[in-house]
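Visitor: Dropping the structure in here first, questions after.
The values are calculated or read from the model by the stated rules, or taken from the named source; none is laboratory data. These figures come from a predicted structure and were not determined experimentally. Methodologically, a virtual Cβ is constructed for each residue, glycine included, from the backbone with ideal geometry; neighbour enumeration extends over all protein chains shown.
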Amino acid sequence: MAIKTFTTGEVLTASDTNTYLANSGLVYVTSTTVGTGVSSVTVSNCFSSTYDSYKIVYTGGTQSADSNIKMRLGSTTTGYYGAYIYAFYSGAGPNVAGDNNATEWTFAGGGASNSALVHVDIHNPFTAYRTRMTAHNVLYSTITGTYTAVLADSTSYTAFTIIPNGTLTGGTVTVYGYRKA
């Protein structure tokens, strides 16, 4: 789609507004409010053929343990692979950790008693291809890093679950779709 440049004094029509707002880059799909002391949060019916790639963000809450937050697609509990490259704020590192046919992606996010964060890009969860993901800025009180991963199957998923080490309290999990051209 061509980019339109509006000029001073030009009338912005309803058609232009609908076209250019509907064709934005990230499109809100759904959100879920996290309760108090929950051991997991499932977001259902969020992946579809409408988008191939998604951004998942959990912010505004806390985690009872100073640790990572995991993620699982649907009910699949095998075939998760990934590499986590991280460093301690004290300067030790870089370090690596990984998943080799794990039961979930181990490093989708992190948190502590003062905050928690999941910031994930996920690709092809609904299509019959391997699902790939990248978790940005996985952090908790002493560590930060990046995790890249794959789910080695060709299942079509419509839901995911985030799983803390401990419990989560408060905040919102929001899912956005990357608009197709």
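Visitor: For the condition in contact (Cβ under 8 Å) with a residue 40 or more places away in the chain and surrounded by 14 or more Cβ atoms within 10 Å (Cβ to Cβ), what is the one hit in 103, 134, 169? Even if it seems obvious, please write down each step before you answer.
Guide: Working: 103 fails: in contact (Cβ under 8 Å) with a residue 40 or more places away in the chain; 134 fails: in contact (Cβ under 8 Å) with a residue 40 or more places away in the chain.
Answer to the check: 169.
Visitor: Applying the selection to the range 77-100, what residues are at pLDDT 90 or above and out of contact with any strand residue (DSSP E or B) (no Cβ under 7 Å at 6 or more places or on another chain)?
Guide: Within the range 77-100, 77 is the sole residue that qualifies.
Visitor: From the list 79, 91, 98, 111, which residue is over 15 Å from residue 157 (Cβ atoms), out of contact with any Phe, Trp or Tyr (no Cβ under 7 Å at 6 or more places or on another chain) and of a type in the set (Gly, Ala, Ser)?
Guide: 91
Visitor: Could you tell me how many of the residues in the range 61-75 are in a loop (DSSP other than H, G, I, E, B) and buried (at least 22 other Cβ atoms within 10 Å of the Cβ)? Full working, then the answer.
Guide: First pass over the range 61-75, keeping only residues in a loop (DSSP other than H, G, I, E, B): 64-66, 74-75.
If we keep only those that are buried (at least 22 other Cβ atoms within 10 Å of the Cβ) too, we end up with none.
Residues meeting the conditions: 0.
Visitor: Next up: Suppose we filter the range 127-173 for residues that are of a type in the set (S, T, N, Q) and either part of a loop (DSSP other than H, G, I, E, B) or over 17 Å from the mean Cα position of the chain (by Cα) (or both); how many remain?
Guide: Matching residues across the range 127-173 total 10.
Visitor: Separate question: Which residue is modelled with the lowest pLDDT, if the candidates are limited to the range 1-60 and must be aromatic (Phe, Trp, Tyr), over 16 Å from residue 117 (Cα atoms) and surrounded by 13 or more Cβ atoms within 10 Å (Cβ to Cβ)?
Guide: So the residue we want is 20.
Visitor: Can you name the number of the only condition in (1) in a strand (DSSP E or B); (2) exposed (fewer than 13 other Cβ atoms within 10 Å of the Cβ); (3) polar (S, T, N, Q) that residue 78 fails?
Guide: Result: residue 78 fails condition (1) only.
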